[in-house]
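Below is one structure; the comments refer to it alone.
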Amino acid sequence: MRDRYDGTGLRIAIAVSRFNEHVTRRLLAGARDALRRCGVADEAVEVAWAPGAYDLPVVAQALARTGRFDAIVCLGCVIRGETTHDRYVAMNAATGIGRIALDHGLPVTFGVLTTETLAQAEARSGGDHGNKGEDAALAAVELASTLRRIQASGGRAGPRAG
């Protein structure tokens, strides 16, 4: 289990949405804390800001294209309003982030909250429901470690017990 979250030597980018910044800054703090606990050096973490969650894929794609990172963590917050606007924003973020991961063969994790209310967003950004920024960072480290093992074994990584 320990090597699952061994971030030693990893370079991680974090793309963060400014919209709902009071929530996304809490997600960012959780992600940074998780990366430190995994052994990722502070200087090996680069943060890039996007205007909103809709814009995260273009920022993540630019980060992926540099070839400098072992994983990218995407953080944002979409709160349902009185219209269906939230659905389009969340769908673009999810679809774009997933596409970048597959196109680049790179862990690009989805730490975008999609909630009904601000209270739910606050509960998931360091409140009663934990910090989903932390969860996204841990997933990035685990995926990057898995890809390292696969590459080191020449692609012969057998099943691992969790």
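Bear in mind these aren't lab numbers, they're just calculated from the coordinates by the rules spelled out. Just so it is clear, the model here is predicted, and its values are computed rather than measured.
With Cα atoms defining each centre, the range 64-81 and the range 1-34 are spaced 10 Å apart in the structure. Computed from Cα atoms, the angle from the helix 85-104 axis to the main principal axis of the chain rounds to 10 degrees. Along the range 120-130 the Karplus relation, 6.51 cos²θ - 1.76 cosθ + 1.60 evaluated at θ = phi - 60°, assigns HN-Hα couplings of 5, 5, 5, 5, 9, 10, x, x, 4, 9, x Hz to successive residues, with x for each Gly and Pro.
Backbone amide hydrogens, once placed in the peptide plane, bring G126 within less than 5 Å of N131, K132, excluding anything fewer than 5 places away on its chain.
Its relative contact order, with pairs defined as Cα atoms under 8 Å and 6+ residues apart, puts the range 50-162 at 27 percent. Residues considered: T146, T24, T66. Largest GNM mean-square fluctuation over the chain, using C-alpha springs under 10 Å, is found at T66. Here the Karplus relation 6.51 cos²θ - 1.76 cosθ + 1.60, evaluated at θ = phi - 60°, turns the backbone of the range 45-52 into coupling constants of 10, 10, 10, 10, 9, 10, x, x Hz, with x for every Gly and Pro. Look at (i) 1.25; (ii) 1.36; (iii) 1.02: the one that is Cα Rg over 2.2 N^0.38 Å derived from this structure is (iii).
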